[in-house]
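**Q** The structure under discussion is supplied below as C-alpha cells; questions concerning it will follow.
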Amino acid sequence: MKLNGKVVLITGAGSGLGRHCSQLFAAEGAKVCIVDIDSERAQQTLKLVEQQGGDAIAITADVAEKDQITSAVQQGVDHFGKLDVAWANAGIISRGGVPTVAGAEFVAFEDLTEADWQHVLGVNLSGVVYTAQAAVPALKANGGGTILATSSAASLVAYHSIALYSATKAGVNGLVRGLALDLGRFGIRVNAIAPAHGMSPNFLMPPGAPVVGQSYEEVAGPWNPAASPIPLKLPRPPSLCDNAKVALFLVSDDSAYMSGATIGSTDGGTLARVGMWFEEDLNPPPVA
C-alpha cells in the first residue's frame, strides 16, 4: 500500500475530489483527517471511509480562518500522533461562476465587490497559506513530509468570467514554488495538482447541495469522445479518480524527489493546443 502508516489531512474532504481521495488514501493504508466547513458532509465522508475499514476522523473547519485550520491540524496530530501529509484542497469558484453552466449568474468583472474578492481569496489562497503554516511544525517534528495544494488549469490558461478565481489559483502555484525552496531543507516536499477535467459538479452548486460523487463529464450523459473538446480521445469520460491517482502519486513515496511542481492532472491535451483554428486537413480526425 502506497500510504501505509501515514497520517493525511485533507481540507474540502466533504465532497468531490476530497471525499474520493479520503476513501482512496484510506484504502492505501493512510489514517485520514477529513476536514470540511460542512460538518454533515465531513461526517458522511467519515462514514464512507469507516465502511471500507479505514481509520479516520472528521473535523469541521473553515480554512479561511487561520485559527480554525490551525486547530484542525492540531486535532489530527493529537488524535493520530503525527502528520505526514497536509493537502490544502478546499476551494470555491468566484461569484459569477462559469456562465456556460445552466443557472449561473453572470457578473461583470467591474461589478464584483470587495467582499467577492476577499471571499475567494480567503478560501483559495489564504486557506492554502494557513493550512501550510499549521502543518509545517508537525511535518518538521515528523522529520519531513508532504504539502499538496489543489490548483487549477485556470491558473495556467484563461477561462471566461472567473478572473478572480484564476488569480488565486495562480497564487497557489507561486506559493508552491516558494515553499518548495524554503522547506526542502526540512525534508518537506510541496507540490500542486491543476485539474482541467474530471472534477465534481458540486464545485458549481450551492453549499449544502447533495454530493454528486461523479465528474462533470460523467453526469453529462452518454460519453461521445468525438464530440468532446478534449484532444485526447478515450472510450470513457475523465473521472474524479483520474485526478485522485495523480494526487496519490504526489503524496506517496513514488514522487519522493518531486517538489515545487504544479501538475496538470487531467488536461488530456487541452492545455497543449493553440487558440487558433486550423483547416480540417491540418488536424485530421482519428482513424476509426
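**Q** When the convex hull of the Cα atoms of the range 44-146 is projected onto a plane and the area is averaged over all directions, what value comes out in nm²?
**A** Approximately 8.8 nm², given one-decimal rounding.
**Q** Turning to a different aspect of this structure: Within the chain, what's the longest stretch lacking GluC sites (Glu not before Pro) that sit in DSSP loops with no more than 10 other Cβ atoms inside 10 Å?
**A** Here the longest run is 106-278.
**Q** Which value, to two decimals, describes the C-alpha radius of gyration of the chain once divided by 2.2 N^0.38 Å?
**A** 1.00
**Q** Moving on. Not counting ligands, DNA or RNA, and with a 1.4 Å probe, what is residue 117's accessible surface area in Å² rounded to the nearest 10?
**A** About 80 Å², rounded to the nearest 10.
**Q** Report the full-extension gain for the segment residue 209 to residue 117: residue separation times 0.36 nm, less the Cα-Cα distance, to one decimal in nm.
**A** 30.8 nm
**Q** Scan the chain and note any complete DSSP helix (H) whose C-alpha atoms cover at least 27 Å along its axis and whose Kyte-Doolittle average is 0.5 or more.
**A** 163-183
**Q** Another question about this same structure. Probe radius 1.4 Å, ligands and nucleic acids ignored: give me the carbon and sulfur share of the accessible area of the range 1-116 as a rounded percent.
**A** The C+S portion of the solvent-accessible surface of the range 1-116 is 48 percent.
**Q** May I pose another question? Which distance in Å, rounded to a whole number, links the C-alpha centroids of the range 249-266 and the range 27-74?
**A** Here the two parts' Cα centres lie 22 Å apart.
**Q** Another one. Calculate, in nm to one decimal, what residue 271 and residue 4 gain on full extension: separation in residues at 0.36 nm each, minus their alpha carbon distance.
**A** 92.7 nm
**Q** So what's the back-of-envelope 222 nm ellipticity for the chain, counting only DSSP H runs of four-plus at -39500 (n - 2.57) apiece and dividing by all residues, rounded to 500?
**A** After summing the helix terms and dividing by the residues of the chain, the value is -11000 deg cm²/dmol.
**Q** Can I ask one more? For the range 49-88, compute the orientation-averaged projected area of the C-alpha convex hull (one quarter of its surface), in nm².
**A** With every direction weighted equally, the projected area is 3.2 nm².
**Q** May I pose another question? What number does the range 114-161 give for Rg over Rh if you use C-alpha atoms and the Kirkwood radius?
**A** 1.12
**Q** Another question, if that's okay. Taking amide H positions as placed 1.01 Å from N in the peptide plane, with prolines and chain starts having none, which residues 5 or more places from residue 266, or on another chain, fall under 5 Å of its amide H?
**A** Residues meeting the criterion, in which the H sits 1.01 Å from N, are 196, 197.
**Q** Another question, then. What's the FRET efficiency of residue 38 with residue 141 using the Cβ-Cβ distance as r and R₀ = 30 Å, to the nearest 0.05?
**A** The formula returns an efficiency of 0.50 here.
**Q** Taking a quarter of the surface of the convex hull around the Cα atoms of the range 137-288, what do you get in nm²?
**A** It is 12.0 nm².
**Q** Can I ask one more? Taking the Cα atoms of the range 1-89, report the difference between the largest and smallest coordinate on each principal axis, in whole Å and largest first.
**A** Largest to smallest, the principal-axis extents are 34, 24, 18 Å.
**Q** On to the next question. Could you give the distance between the Cα centres of the range 213-243 and the range 191-205, to the whole Å?
**A** If we compute the Cα centre of each part, the gap is 13 Å.
**Q** How many lysine pairs are close in the chain, with Cα atoms under 16 Å apart and the two 8 or more places apart or on different chains?
**A** 8
The values are calculated or read from the model by the stated rules, or taken from the named source; none is laboratory data. All of these numbers come straight from a predicted model, not from anything done at the bench. Glycine also receives a Cβ, built like all others from the backbone with ideal geometry; neighbour counts cover every protein chain displayed. Side chains are part of the model used for accessible areas, which takes the heavy atoms of the whole protein and leaves out ligands, DNA and RNA. Shrake-Rupley method; radii C 1.70, N 1.55, O 1.52, S 1.80 Å.
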